[in-house]
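Read the structure below first, then the notes.
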Amino acid sequence: MDLQFVTISGANEYTNVPDLVQLLEDYPIAEIGVQVSDEKCTYGSPRFNWIKNLVYYVNYFRLSVNAALHVNLKWVEAVSQGKIVPELRDLLAYRDTNGDYFFKRIQLNFKIGREEVSPDKEKLAALISNLKGRKVILSYNESNAKLIREFYCNGVRFDCLYDGSFGKGIEPEKRQIPAFADIVQGYAGGISPDNVCSVLDEIRNSWRQSPTTTGIYIDAQGKLEDSNGHLDLSKARRYVDNARKWKLEHCNDDDLIP
């Protein structure tokens, strides 16, 4: 089992760009997840402008970072119907200095039965397949499991995130045994700088029950926030550093040492 990403969710307009980028430079295993939606990221909004500044800063210094967009609310409803709103299309089009897409992973935070419209299977599958150069992350839970398994059986390629509480940050009683054999699978829910190593131990124990040929990632947000509900970069740094140390000890792979 290889730990491929340590995702820091929740970076936004309250996050200092140079300090955030320095963290990502120090820890190449780290990935940021930026939450976007019709309520938070319309044209001219603080978040939309912050993302533009982030991309400009990274490209100005010719850096390379791991970044993902986490799509929510009306925007993810549109995506589930095979449509991309103009603001999201612009964000997805950003490139880095190597010509690669800046946001290399796109997490679709839909939950069947919660949104006003259910995903159109054919249109969503086609959209996922057409996002060349980027991976789509689908959240695997009781509501979405049937659709995601159907995608997998039909050859739709994606990364998978296990988060039973669906963004509420609740730690599950047990970590999910891998449901798929050959795709990257992630874990979220209740992960903090203090418990990340024990969580990784739990994941490794679950993984041993169903070994796969690909790696894992972890994703934390709530327990990385400060008292105002914003990302605390000192907590994020400790979270990533502890996970990196666990990787070096258990994965025998030091190619991501900062």
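The values are calculated or read from the model by the stated rules, or taken from the named source; none is laboratory data. Treat the numbers as computed from the prediction; the structure is a model and nothing was measured. All Cβ positions, even for glycine, are placed from backbone atoms using ideal geometry, and neighbour counts span all protein chains on display.
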Test set (1) within 22 Å of Gly229 (Cβ to Cβ); (2) of a type outside the set (Gly, Ala, Ser); (3) over 18 Å from the mean Cα position of the chain (by Cα) - Gln35 fails condition number: (3)
So Ile106, is it in a loop (DSSP other than H, G, I, E, B), surrounded by 14 or more Cβ atoms within 10 Å (Cβ to Cβ) and not charged (D, E, K, R): no
Residues (assigned to a loop (DSSP other than H, G, I, E, B) and of a type in the set (A, V, I, L, M, F, W, C)) located in the range 128-147: Leu131
Inter-residue pairs, beta-carbon under 6 Å, first in a helix (DSSP H, G or I) and in the range 191-220, second at pLDDT 95 or above, 6+ apart: Val196/Tyr239; Val196/Asn242; Val196/Ala243; Cys197/Asn242; Cys197/Trp246; Val199/Ile191; Leu200/Trp246; Ile203/Tyr187
Those residues of the range 109-127 which are in a helix (DSSP H, G or I) and not hydrophobic (A, V, I, L, M, F, W, C), in sequence order: Lys121, Glu122, Lys123
Neighbours by Cβ (under 7 Å, 6+ apart or cross-chain): first from the range 18-39, in a loop (DSSP other than H, G, I, E, B); second of a type in the set (Phe, Trp, Tyr): Ile29/Phe5; Ser37/Trp75; Asp38/Trp75
Number of positions in the range 183-225 that are under 27 Å from Asn154 (Cβ atoms) and either over 15 Å from the mean Cα position of the chain (by Cα) or of a type in the set (D, E, K, R) (or both): 9
Residues satisfying the stated conditions in the range 8-30, i.e. within 17 Å of the chain's Cα centre (by Cα) and farther than 12 Å from Val65 by Cα: Ile8, Ser9, Gly10, Ala11, Asn12
Glu87 acidic (Asp, Glu) and either within 22 Å of Asn130 (Cβ to Cβ) or in a loop (DSSP other than H, G, I, E, B) (or both): yes
Residues of the range 128-150 satisfying the condition of being crowded, with 19+ Cβ neighbours inside 10 Å and either of a type in the set (S, T, N, Q) or at pLDDT 95 or above (or both): Ile128, Val136, Ile137, Leu138, Ser139, Asn144, Leu147, Ile148
